[in-house]
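Undergrad: What follows is a structure written as structure tokens; I'll ask about it next.
The values are calculated or read from the model by the stated rules, or taken from the named source; none is laboratory data. None of the values given here were measured: they were computed from a predicted structure. Cβ placement follows ideal geometry from the backbone for every residue including glycine, while neighbour counts extend to all protein chains displayed.
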Amino acid sequence: MAAADAGGALSGRKRDHLRLSLDADVGFASLTTGLEAVRVMPRALPERDLEAVDLSLSLWGRTLSAPLLISCMTGGVSEAGPVNRALAAAAQRHGVALGLGSGRALLEGGDPATFAVLDVAPDVLVLANLGAVQLRTYGVDECRRLLDACAADVLVLHANAVQEAVQPGGDTTFAGLIERIAVVCEALDRPVVVKEVGFGLAPADVSALAAAGVAGVDVAGAGGTNWARVEGLRDDRAGAVAAAFADWGLPTADAIRGARAALDSAGADDVVLVGSGGLRHGVDALKALCLGADVAGVARGLLAAGAAGADAATAAVGVLCEQLRVAAWAAGAGGVGDLGPELLAAERD
Ligand SMILES: Cc1cc2nc3c(=O)[nH]c(=O)nc-3n(C[C@H](O)[C@H](O)[C@H](O)COP(=O)(O)O)c2cc1C
């Protein structure tokens with residue numbers, strides 16, 4: 001076993017996640033993101049040159065060229081390294097943020113090389129990732145060790161209750177996690193973001209996380225990748241349980257609206273809202289941003305390009321950026337400050 005693949009069951013799972021996300025039907029049965037029902041009001045006369053559109057923003061000490069995040073996917077197995085490095089090169093070229101997959105393998109003796117992107121992405125906002133439930137075992141020191149090993153700017157904790165419950169050997173000891181998250185937020189000198197993995201964060205979770213001191217939340221809403229289904233494809237018993245969850249979750253559009261309302265009513269305008277879950281292109285990203293997200297995230301939609309190498313990843317992220325830029329222009333926006341519900345036809349009525 002290569003050093004990169006330390007931890008047999010964990011690496012087998014990570015490998016299956018990559019393979020199934022690339023090759024299998026891991027979407028929802030009929031539930032959709034809800035973004036298809038959101039209409040942007042098209043402006044035939046934007047009264048601005050396309051070239052004048054500037055979607056750049058400052059985020060957690062870095063400058064992004066567009067409010068886009070390649071969401072956390074992989075690491076810890078040998079085939080993950082090239083995917084992360086291809087996506088990192090794309091992020092560097094286009095000035096978007098990059099999430100790395102769960103770093104649990106790294107904390108458990110795996111080779112940090114599969115998470116190493118600093119040399120190809122020196123200017124990129126990099127987010128390291130760990131399961132929130134791992135805070136039962138690991139504390140602030142391990143979080144710091146993970147951030148340092150990944151040269152990451154931000155720690156993302158994923159809260160994936162249904163995925164853990166469906167997966168054989170999953171960890172469902174979720175009692176008291178919000179308190180543990182609060183401790184990490186308080187003690188860590190870097191921003192902490194909490195995300196779901198594709199079933200959506202409820203507004204009540206968003207309010208609780210804002211009170212716990214997170215710097216950001218990522219709704220990772222339903223309508224894209226269904227993680228019960230992914231785990232169900234790996235094991236017959238898990239598949240039988242997962243069958244009931246084929247349409248579980250809060251559609252991405254509703255999750256973003258709910259999270260924005262929860263943050264507004266908590267007066268938490270400093271908490272960054274990431275809108276993600278099933279975003280297919282730059283128009284979906286614009287809709288997410290107009291519904292209230294500060295940044296739009298895409299995971300599986302960029303995986304095949306990431307697996308195909310740096311050129312393919314750079315081209316795919318370039319198309320995503322261009323789609324968002326054209327959409328923002330044709331909606332009458334000149335910068336991120338213009339993106340809001342007033343650009344939406346359906347939301348206005
Ligand atoms: C192959 C793959 C691996 C993933 N691994 C992680 C992970 O390690 N940590 C995490 O927080 N989310 C992980 N995710 C979830 C994504 O970050 C994202 O929240 C989810 O897939 C929904 O977005 P999408 O519909 O754009 O794929 C993974 C997604 C994919 C496709």
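Undergrad: What is the number of the single condition among (1) of a type in the set (Val, Ile, Thr); (2) buried (at least 19 other Cβ atoms within 10 Å of the Cβ); (3) in contact with an Asp or Glu (Cβ under 9 Å, 6 or more places away or on another chain) that residue 83 does not meet?
TA: So the condition that residue 83 fails would be (3).
Undergrad: Here is a further query. Would you please name the residue that is farthest from the ligand (Cβ to nearest atom), looking only at residues in segment 209-223 that are touching a residue at least 40 places away in the same chain (Cβ under 8 Å) and at positive phi?
TA: Within segment 209-223, the match that is farthest from the ligand (Cβ to nearest atom) is 223.
Undergrad: Further, regarding this structure: Out of segment 112-149, which residues are touching a residue at least 60 places away in the same chain (Cβ under 8 Å) and within 18 Å of the chain's Cα centre (by Cα)?
TA: 124, 125, 127, 132
Undergrad: Out of 197, 206, which single residue is touching a residue at least 24 places away in the same chain (Cβ under 8 Å), within 11 Å of the ligand (Cβ to nearest atom) and within 22 Å of residue 251 (Cα to Cα)?
TA: 197
Undergrad: Here are 29, 44, 89: which of them is away from the ligand (no atom under 16 Å from the Cβ), part of a loop (DSSP other than H, G, I, E, B), at pLDDT 95 or above and small (Gly, Ala, Ser)?
TA: So the residue among 29, 44, 89 that is away from the ligand (no atom under 16 Å from the Cβ), part of a loop (DSSP other than H, G, I, E, B), at pLDDT 95 or above and small (Gly, Ala, Ser) is 44.
Undergrad: I would also like to ask the following. Restricting attention to segment 92-128, and to residues there that are modelled with pLDDT of 95 or more and among the acidic types (Asp, Glu), which single residue is surrounded by the fewest Cβ atoms within 10 Å (Cβ to Cβ)?
TA: Across segment 92-128, the extreme among qualifying residues is 119.
Undergrad: Scan segment 49-75 for residues that are more than 16 Å from the ligand (Cβ to nearest atom) and either of a type outside the set (Lys, Arg) or at pLDDT below 95 (or both) and report the count.
TA: Looking only at that region, the number is 17.
Undergrad: Looking at segment 15-41 only, could you name the residues that are buried (at least 17 other Cβ atoms within 10 Å of the Cβ) and out of contact with any strand residue (DSSP E or B) (no Cβ under 7 Å at 6 or more places or on another chain)?
TA: Within segment 15-41, 15, 16, 17, 18, 20, 21, 26, 27, 35 meet the criteria.
Undergrad: Wholly within segment 214-327, which helices (runs of 4 or more DSSP H) include no fewer than the required count, namely at least 3 residues that are of a type in the set (D, E, K, R)?
TA: Output list reads 252-265.
Undergrad: Same structure, new question: Counting only residues that are hydrophobic (A, V, I, L, M, F, W, C) and within 12 Å of the ligand (Cβ to nearest atom), which one in segment 243-293 is nearest to residue 345 (Cα to Cα)?
TA: Per the stated criteria, the residue is 288.
Undergrad: Could you go through segment 145-164 and let me know if any residue there is in contact with an Asp or Glu (Cβ under 8 Å, 6 or more places away or on another chain), within 16 Å of the ligand (Cβ to nearest atom), small (Gly, Ala, Ser) and not in a loop (DSSP other than H, G, I, E, B).
TA: No: segment 145-164 contains no residue that is in contact with an Asp or Glu (Cβ under 8 Å, 6 or more places away or on another chain), within 16 Å of the ligand (Cβ to nearest atom), small (Gly, Ala, Ser) and not in a loop (DSSP other than H, G, I, E, B).
Undergrad: While we're on this one: Which residues, taken from segment 281-309, are among the aliphatic types (A, V, I, L, M) and in contact with a Pro (Cβ under 9 Å, 6 or more places away or on another chain)?
TA: Residues satisfying the conditions are 285, 289, 291, 293, 295, 296, 307.
Undergrad: What's the number of the only condition in (1) in contact (Cβ under 8 Å) with a residue 40 or more places away in the chain; (2) in contact with a strand residue (DSSP E or B) (Cβ under 7 Å, 6 or more places away or on another chain) that residue 185 fails to meet?
TA: All conditions pass for residue 185, except number (1).
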